[in-house]
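Each value in this text was obtained by applying a stated rule to the coordinates, not by laboratory testing. Note that the structure is a prediction, hence the values are computed from the model and not measured. Ideal geometry is used to build each Cβ from the backbone, glycine not excepted, and the neighbour counts take in all protein chains shown.
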Amino acid sequence: MKRYFITDIINKVDQEVELYGWVNSIRDHKKVVFIDLRDRSGLVQLVGDESLSKLSVEDVVYIKGKVKKRPQHLVNPNLETGEIEVEVVSFEKLSSADVLPFNISDLGYDLDEQIRLKYRYLDLRRDRMKRNLFYRQRVLSEVRKFLASRQFWEVDTPILTKSTPEGARDFIVPSRLKKGKFYALPQSPQQYKQLLMVAGVERYFQIARCFRDEDPRADRAYGEFTQIDIEMSFVTQEDIRRLVEQMIIEIIEKVFPEKKILQVPFPIIDYQTAIKKYNTDRPDIRESKDENVLAFCWVVDFPAFEWSDEEKRWTAVHHPFTSPKKEDLKYLEQGEYDKVRADQYDLALNGFEVAGGSIRITDPNLQSKIFQIMGHSEADVKKKFGHLLKAFSYGVPPHGGIAIGFDRLLQVILNERSVREVIAFPATSGGVTAVMSAPDKVSDEQLKELGIAVIEE
Ligand code: ASP
């Protein structure tokens, strides 16, 4: 006999089935004992004799039983399996459970998040968190289907790599083989995806993990996040916007049919208007905040550079690989950097930035010039980005791309309070990883192998 998920047995009335799961609750009426059995798919009521009363809540059990239709007056309309119950023929306790450190039958918002993350494997047992994990994989599988149907190739790129600037601090990893040298974890696969365009891949995507050592903020998961990263050759800004727009609309219609997209096609707002009218570059264009309305809009024509008072240099608003708009190249020549607009496009949803991308620079001279405007010396450019400039000298297709902040997108669609609610094992906003409490000390031997001495504070 094969193992069924609980919700698969609804139409198996009068058949014998085997189930596995957790004891969700027990109602002991002495001679008759009722148990709600839970697996990933849902709950079902079990009925048996007093032998069941030796089970405790959250024990893992195997059940052999017969599916029975409930009499009409005992149907539970709140339960997907509410029209049936399972008469237990035999059962086995596979493991016992201690009392859980917190209740998992409620939403969990009121609980201290540190405790939830310490016991994340239990926190994920609650319905709401299961639902979030369910939608996360549903959306990702639809993304893969959609992009494959448009002839994209999924290509993975290294995690141990060299710094790629996206405006944050790098996480660095010491090398044992080359003592005193370090890898950087990628802030995004930006340079690799551009190199894949040079390689002739033409349409790339990756569900990419990005690492940015930014200061803790309450509304972020610290350290890492997931992007749907896309790059295409021989396209315009409009092509990329249209692709992403179609993908998002199709997936929302399929996976979240109860949601309403406020405006299709997504309105396009230029940066200056966004700032003037909404005072932000990620406007919320809803007039009222209905929980099922998704208001997307594109923001375009960003300035290419902004002056950093702190660093006393021009920095890229998007990243340094973003092409200036053709018609603004003259300002670049004239040194009027604040007037140069970028061929950049961001996607906002209900006031959150959920994607950003650009058409890239492919002229190695222009690319070096941009690096120099941003304060890198010629020698520095060669050392840090020589590989990219060299690649561009061997026949580079015009290309552009975008990255969708997947955690954020899901958070907004699911009306969740923070991105951490849609990630299985997020770090706390203070940077401590769930369950395993990294960062942690390493042994003296490990440090010695790496040639590293720690300065104690
Ligand atoms: N690499 C960019 C980012 O992570 C996205 C892009 O330009 O494709 O924001």
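Couple of notes before you dig in:
- Helical segments meeting 15 Å axial Cα length and Kyte-Doolittle 1.0 threshold in the chain (DSSP H): none
- Loop-located GluC sites (Glu not before Pro) in region 315-356, at most 11 other Cβ atoms within 10 Å (DSSP): Glu336
- Sites listed here are trypsin sites (Lys or Arg not before Pro) in region 311-374 whose DSSP assignment is loop and whose Cβ has at most 14 other Cβ atoms within 10 Å: Lys312.
- Relative to the Cα centre, the charge distribution of the chain, modelled as +1 at Lys and Arg Cβ and -1 at Asp and Glu Cβ, gives a dipole magnitude of about 920 debye.
- Reference-scaled alpha-carbon Rg (2.2 N^0.38 Å with N residues) for the chain: 1.20
- The chain - mean residue ellipticity at 222 nm from DSSP helices (-39,500 (n - 2.57) per run, n ≥ 4, rounded to 500): -7500 deg cm²/dmol
- Only Lys, Arg (+1) and Asp, Glu (-1) charged, at Cβ; region 232-306 dipole about Cα centre in debye: 120
- FRET E, pair Asp106, Ala199, Förster distance 45 Å, beta-carbon r, rounded to 0.05: 0.30
- With contacts taken as Cα pairs under 8 Å and at least 6 residues apart, the chain reaches a relative contact order of 13 percent.
- Cross-link pairs Lys162/Lys448; Lys254/Lys276; Lys130/Lys162; Lys326/Lys390; Lys326/Lys383; Lys178/Lys382 - those with Cα-Cα distance over 26 Å: Lys254/Lys276; Lys130/Lys162; Lys326/Lys383
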